[in-house]
1. Out of everything in the range 36-49 that is without any contact (Cβ under 8 Å) to a residue 60 or more places away in the chain and open to solvent by 50 Å² or more (accessible area, probe 1.4 Å), what residue ends up being nearest to Asp5 (Cα to Cα)?
2. Within the range 72-96, which residues are within 16 Å of Gln33 (Cα to Cα), of a type outside the set (Lys, Arg) and in a loop (DSSP other than H, G, I, E, B)?
3. Just need a number here: residues in the range 97-122 that are in a strand (DSSP E or B) and out of contact with any strand residue (DSSP E or B) (no Cβ under 6 Å at 6 or more places or on another chain).
4. Restricting to the range 83-102, what's the tally of residues that are open to solvent by 20 Å² or more (accessible area, probe 1.4 Å), touching a Leu at 6+ places or on another chain (Cβ under 8 Å) and within 14 Å of Asp5 (Cβ to Cβ)?
5. Go through the residues of the range 57-71 one by one and say whether even a single one is assigned to a strand (DSSP E or B), among the aromatic types (Phe, Trp, Tyr), in contact with a strand residue (DSSP E or B) (Cβ under 8 Å, 6 or more places away or on another chain) and surrounded by 12 or more Cβ atoms within 10 Å (Cβ to Cβ).
6. Would you check which residues across the range 99-114 are under 11 Å from the mean Cα position of the chain (by Cα) and either more than 23 Å from Asp25 (Cβ to Cβ) or not hydrophobic (A, V, I, L, M, F, W, C) (or both) and list them?
Amino acid sequence: MIGNDIVDLDLALKESNWKRNRFLDKIFSSKEQQLILNSENQDLMVWNLWSRKEASYKIYNRQTGIRGFFPLRLECDYKDKNIGTVSIDGFVFYTQTEITTNFIYSVAVFEKRYFKKIKTLDTTTIIKKENGVPYLLDPISNSKIPVSITHHGRFQRIISV
């Protein structure tokens, strides 16, 4: 199982005011808020943690079928700017995050070994959905290959295992 999320930093800066009253309280635990407030670049930390939560949510949703908006239940354990875990309801997802001047991109997996198996697909790849869950149809075996799609602003990524 995989999940991914990308944040266009220019668009996030224009469209989101995470510093507004109580925003952090609705999205981040007190531990995560301390990471943000103590960070040299608070904007980057907000979107780093957010993208990890979003990527992990995609796996959680696939495994449980539970949909909703509950970012506080997704708890980031921040090892460093590029790796960590996200936990929810006894599940633990491993994350890797890429940070550039233009975007933050996080990938989450259920097992660490999946990191080595991730393939980035061309954004023109034809993706199908069943009950809102994206997949790629294998032309040889006719089986469904799970994919994860993310897009924000100028950026899009599609991955599979």
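1. Applying the filter and picking the extreme gives Asp43.
2. Leu74, Asp80
3. 1
4. 1
5. no
6. Tyr105, Ser106, Val107, Ala108, Val109
For (1) of a type in the set (Lys, Arg); (2) out of contact with any helix residue (DSSP H, G or I) (no Cβ under 6 Å at 6 or more places or on another chain); (3) touching a residue at least 24 places away in the same chain (Cβ under 8 Å); (4) farther than 27 Å from Thr85 by Cβ, each residue gets a yes or a no:
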site	(1), (2), (3), (4)
Leu121	no, yes, yes, no
Ile126	no, yes, no, yes
Glu130	no, yes, no, yes
Ile140	no, yes, no, yes
Lys144	yes, yes, no, yes
Ser148	no, no, yes, no
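The values are calculated or read from the model by the stated rules, or taken from the named source; none is laboratory data. No experiment lies behind these values; they were computed from the predicted model shown. In this analysis, Cβ positions are derived from the backbone assuming ideal geometry, glycine residues included, and neighbour counts consider all displayed protein chains. Just the protein is used for accessible areas: all its heavy atoms, side chains included, with ligands, DNA and RNA removed. Shrake-Rupley method; radii C 1.70, N 1.55, O 1.52, S 1.80 Å.
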